[in-house]
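Comments concern the structure below.
The values are calculated or read from the model by the stated rules, or taken from the named source; none is laboratory data. Everything numeric here is computed off the predicted structure, so don't read it as measured data. Heads up, the Cβs are rebuilt from the backbone with ideal geometry, glycines too, and the neighbour counts pull from every protein chain shown.
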Ligand SMILES: Cc1cc2nc3c(=O)[nH]c(=O)nc-3n(C[C@H](O)[C@H](O)[C@H](O)COP(=O)(O)OP(=O)(O)OC[C@H]3O[C@@H](n4cnc5c(N)ncnc54)[C@H](O)[C@@H]3O)c2cc1C
Ligand SMILES: Cc1cc2nc3c(=O)[nH]c(=O)nc-3n(C[C@H](O)[C@H](O)[C@H](O)COP(=O)(O)OP(=O)(O)OC[C@H]3O[C@@H](n4cnc5c(N)ncnc54)[C@H](O)[C@@H]3O)c2cc1C
Ligand SMILES: Cc1cc2nc3c(=O)[nH]c(=O)nc-3n(C[C@H](O)[C@H](O)[C@H](O)COP(=O)(O)O)c2cc1C
Ligand SMILES: Cc1cc2nc3c(=O)[nH]c(=O)nc-3n(C[C@H](O)[C@H](O)[C@H](O)COP(=O)(O)O)c2cc1C
Ligand code: FES
Ligand code: FES
């Protein structure tokens, strides 16, 4: 169920250049149903920055009733968020949307998880859940440059991890597809989250494979009421459009017209 | 000189119901020239509450380069201010305006200081300075009710202090004029700060006496440029209007048309 | 006695709080969060004759204390609204105000005729002020003669009272208000969004795909209050006021300005529970103001 | 090469940043805080034929990310401005734009004739958009024919180029812009304030003594950007843009929208050093955007 929760910040760390990891505790944690769901955060109680910001849940710790989010302080809202301190409270709406289907990959099978930039975070909880059920996870994580790479160690602990940077300062130089092209192992499912051009490239390369992609759109309500976040669907779909916030953000490959 | 200073909050205390005392340190302190000057505070860095709030300087501690302000958390801005914590910084413009003339009362003479509600604070620094130079100060301080009385002890340490409350829950019941009516001692000067109706009553009662009144007006710039805070003057004045922020807030009795 | 009840043409409201059109879909999403019967009424999303897919995305952008939107009247079309959306809402004890949009007079009239016959539609809101579609919408809302004619044409077919939604993007809003009153409007709803634009700092390109959008939220409240204050003295029909309502005190302001009820738009995105929260807070606010019944506030500002 | 220089009719600006009329008095107060020669230009407070004492107080009120004002054109009158204010400004190396206001065409013309002869007045800004006076001001700014005639009358007597300041409170701002262009205006300044109102929650009474006021500040920026974007494509004369500029990135937005220079109003009250701060920050901002000269930004949004 979607709830509005005043969550308490239990930690805030800078992971890389402008990349922050924040842990939040509150009863919302008990409502999460799948990796890839997101929360909608009010970055301050002032009306100046009026809209909530959608941020993916990167990791769930049920024992501590805690979630982790990883975000880039880019515009005004996320910069404001990065100034919050441990002990501060934030107004959070969530969990929102439908996440990645863990059940689509069986134990013993291989899944390939492809992330780009701030699309990487939700793949972490996904990988944790897949690995826990016995799926072999391979991670291909693309970043602009060395100084914005995060969670390399964390992903490596879960499975084979390829880091790609556009400028070649860390790992393979190029795009996620540079690694994917050379990757020859069989896999049963791919899961991806990142910028549109990356999702497009991934979908093209893995045409015909079972895959799930997580999309981004500017949002108003975050719950399906305002029609801000719609995407057109591909021909032959049963609906002419989907809403990223409530129908997604994750969709099977081939559904959303990229 | 007027400067813009990011002052650090060295303490924040609740003195009475919705009444707060805040101490601030910064180089602005060195620029203050007289009691009754005020500062113009940005209550937050967000644009939501766009305008600065004018608050009187209640006390100056030159050694610690610290000032005290006392304010009522009433509207959105002052409520926001009351949430700040020690160590936080605030953007302050000041010192602004012209304060009470200490030089108008000679050592050995008596001054009567009449304050109402949140008009009381600037009289504290005034009384400190007058007393220090050997003036005998008598304080008549009016409040709504017992629960908003503040600084009674502090004023009492400087001189005779009469507290008046409208509802009679503390001190004399009634208005400052109730005490003033019964006050028979000779005094050379009166100084007053408080709401318009009080200033009006005080001026009426002490007609012909040397006195100085501090006025309030809604402000824009606080420095004399926007014409937001003008008051008409009484007939026969050399200017048809004055600006509270830069010509005042303190004026000799009889100048401002109340 | 219900201290919050307000009676308006076609609408017996248990309280004067309703979500504004376009900010609440057809109620289902918020219906998952709270009981819609708590609301004074619901203004549903604009309905057009045919399904509309709306504008390209991005459709929203944030501005200081406000937001821009250019949804472009996306909706499933009259047939689907009649068959799916309105029946779903029947289970709630809440009057529905159907927002009617179109490109030509004939579509407005047809949508009005059909939708006003739905059992739970208690009033229409004629949208002559949508700034986000090329044809129709705002073009009807800026010319008093056109506005009057459209109102009369819709009144002629509607089975329920007709409220007309005014645009703030005009030189003289009272003139338009008087025109729709002359056309037979039973009430006015105002204001729709102000026209606005946001550019991307890096590229200089408009953030919203439609280039311009409609500005809503707290930023526009002073404009809305001024217009409600003015129009409520220019016409005799009641006003449902909106524009930037975000907290309970904003409701007091709109009623004082001359509105008889209010709608909450953008604030639903900020706090999805805002409507029930305001409804809950209102009685204490009336106590604070020493007022017995909420209707005593209406037009208070004119009397002073 | 000066990367910030902009040439406009009558104005060789070392940078495109100037304080907006009414938010900077006649410069003296800010002159105590910093060297006015740093500024691109100064738009001085509206000057009328006779001294005006303005409206009763309160004259300002805060709104979400904005403020209302109803100063009512208080100023010492033409004679005193010529004898005291303008001569004081002569010691600075900064062009002055004199904001001209009036009640009838004849006062506008007389003020324009006299003030345009002051040695340091480089341009006039014809204020046909003040919302805070009963007569004159905005009444000239809402009718294209009246606006054109007034512009022509002032042009006929002015010794310096004439910019006309437009009101946003109109249905079609491009129509007014084209009218003043036809009347001979050398440039346009826009926008003046939006009409707005704030009520006191306790009493319901308007906070501003004049009842309504002009809304300015970040809240109105999206409206201003949209109008500059539109008008810069409707006329050939240059625009000095304003409305909500509070930081350096806002300047980029106005230039991208189509303004050739900008004015900063309300933000001077928030931060009295805002103009020199922006001027200082601009070169680094150009570097960030990979732009050599600031003029490359002008109208960027149209080209995309
Ligand atoms: C489902 C979903 C999950 C996301 N998960 C993450 C995450 O885990 N980590 C992370 O760093 N980012 C994530 N994003 C992107 C994140 O929402 C934006 O970076 C953020 O909203 C930008 O806000 P700002 O205050 O920095 O920018 P501003 O420019 O101040 O934002 C202005 C407005 O635009 C919206 N906006 C700007 N960029 C985006 C964007 N890329 N996507 C959606 N809205 C945007 C903001 O939400 C806000 O309403 C996610 C987006 C979506 C839709
Ligand atoms: C020279 C001067 C000295 C002052 N000294 C003190 C002091 O020492 N302690 C204290 O508690 N108060 C003092 N005040 C009053 C104080 O400025 C207001 O109480 C405060 O601005 C209200 O802000 P708010 O955020 O609570 O109210 P809001 O209602 O949020 O304010 C909205 C706007 O109205 C203005 N405003 C509201 N009330 C007043 C008022 N009474 N006077 C001027 N502007 C107002 C605010 O500054 C703001 O711009 C002084 C006022 C002046 C002019
Ligand atoms: C996302 C969004 C969609 C809207 N869609 C409609 C609509 O379909 N029909 C309509 O009459 N008004 C529509 N509006 C305008 C609102 O109903 C309301 O008039 C306006 O937003 C001002 O109120 P607010 O400031 O409370 O949002 C929409 C507003 C928003 C923000
Ligand atoms: C207090 C105040 C006084 C103003 N006085 C004038 C004036 O005398 N003449 C004028 O043309 N505009 C006047 N304006 C309008 C500004 O010049 C400017 O057009 C408007 O405020 C929008 O810009 P901003 O949002 O940066 O303030 C005034 C604005 C304010 C806030
Ligand atoms: S954000 Fe409102 S429908 Fe998706
Ligand atoms: S507040 Fe601007 S002149 Fe006094």
If residue B:131 satisfies every condition in (1) outside any loop (DSSP other than H, G, I, E, B); (2) in contact with a strand residue (DSSP E or B) (Cβ under 7 Å, 6 or more places away or on another chain); (3) surrounded by 16 or more Cβ atoms within 10 Å (Cβ to Cβ) but one, which is the exception? (3)
Of everything in the stretch C:52-77, what is farther than 20 Å from residue C:106 by Cα, away from chain D (no Cβ under 14 Å) and surrounded by 23 or more Cβ atoms within 10 Å (Cβ to Cβ)? Give them in sequence order. C:55, C:59, C:71
Going by the conditions given, is residue A:237 surrounded by fewer than 16 Cβ atoms within 10 Å (Cβ to Cβ), within 14 Å of chain C (Cβ to nearest Cβ) and farther than 23 Å from residue C:210 by Cβ? yes
Name the residue, out of D:20, D:70, D:61, D:46, that is within 18 Å of the chain's Cα centre (by Cα) and over 22 Å from residue D:275 (Cα atoms). D:70
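Do the conditions hold for residue B:127, that is, is it without any contact (Cβ under 8 Å) to a residue 40 or more places away in the chain and within 14 Å of chain A (Cβ to nearest Cβ)?
no
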Taking the criterion of being outside any helix (DSSP H, G or I) and buried (at least 24 other Cβ atoms within 10 Å of the Cβ), would at least one residue in the stretch C:78-95 satisfy it? no
How many residues does the stretch C:201-254 contain that are within 16 Å of ligand 1 (Cβ to nearest atom), touching a residue at least 24 places away in the same chain (Cβ under 8 Å) and buried (at least 24 other Cβ atoms within 10 Å of the Cβ)? 8
Residue in the stretch A:74-85 that is within 21 Å of residue A:148 (Cα to Cα), assigned to a strand (DSSP E or B), more than 16 Å from ligand 5 (Cβ to nearest atom) and in contact with a strand residue (DSSP E or B) (Cβ under 6 Å, 6 or more places away or on another chain) present: no
For the stretch C:108-152, name all the residues that are modelled with pLDDT of 90 or more and out of contact with any helix residue (DSSP H, G or I) (no Cβ under 9 Å at 6 or more places or on another chain). C:122, C:123, C:125
Of all residues in the stretch A:146-163 being in contact (Cβ under 8 Å) with a residue 40 or more places away in the chain and surrounded by 16 or more Cβ atoms within 10 Å (Cβ to Cβ), which is nearest to residue A:58 (Cα to Cα)? A:151
Answer yes if at least one residue in the stretch C:283-297 is within 13 Å of chain D (Cβ to nearest Cβ), away from ligand 6 (no atom under 16 Å from the Cβ), more than 20 Å from residue D:206 (Cβ to Cβ) and in contact with a helix residue (DSSP H, G or I) (Cβ under 8 Å, 6 or more places away or on another chain), and no otherwise. yes
Hey, residue A:208 assigned to a loop (DSSP other than H, G, I, E, B) and at pLDDT 95 or above or not: no
Which one is nearest to residue B:50 (Cα to Cα) among residues in the stretch B:201-230 that are more than 10 Å from ligand 6 (Cβ to nearest atom) and either within 12 Å of another protein chain (Cβ to nearest Cβ) or out of contact with any strand residue (DSSP E or B) (no Cβ under 7 Å at 6 or more places or on another chain) (or both)? B:216
Somewhere in the stretch B:141-150, is a residue modelled with pLDDT of 95 or more and within 16 Å of ligand 6 (Cβ to nearest atom)? no
I'm trying to understand the selection: among the residues of the stretch A:100-120, which are assigned to a loop (DSSP other than H, G, I, E, B) and crowded, with 23+ Cβ neighbours inside 10 Å? A:100, A:105, A:120
Just checking, does the stretch C:251-260 include any residue being under 16 Å from the mean Cα position of the chain (by Cα), at the interface with chain D (Cβ under 10 Å from one of its Cβ atoms), under 30 Å from residue A:92 (Cβ atoms) and within 16 Å of ligand 4 (Cβ to nearest atom)? no
Determine which member of the set B:164, B:255 is under 30 Å from residue D:23 (Cβ atoms) and away from ligand 4 (no atom under 16 Å from the Cβ). B:255
Search result, residues across the stretch C:22-51 that are closer than 23 Å to residue C:241 by Cβ, more than 11 Å from chain A (Cβ to nearest Cβ) and part of a loop (DSSP other than H, G, I, E, B): C:39, C:40, C:41
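Restricting the stretch C:184-195 to residues that are closer than 25 Å to residue C:42 by Cβ and surrounded by fewer than 24 Cβ atoms within 10 Å (Cβ to Cβ), which is farthest from the chain's Cα centre (by Cα)?
Within the stretch C:184-195, the match that is farthest from the chain's Cα centre (by Cα) is C:184.
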Scan of the stretch D:264-280 for residues that are assigned to a helix (DSSP H, G or I) and either facing chain B (nearest Cβ under 7 Å) or within 16 Å of ligand 2 (Cβ to nearest atom) (or both), ordered by number: D:267, D:268, D:269, D:270
Extreme residue, nearest to ligand 3 (Cβ to nearest atom), among residues of the stretch D:231-263 that are in contact with a helix residue (DSSP H, G or I) (Cβ under 7 Å, 6 or more places away or on another chain) and part of a strand (DSSP E or B): D:241
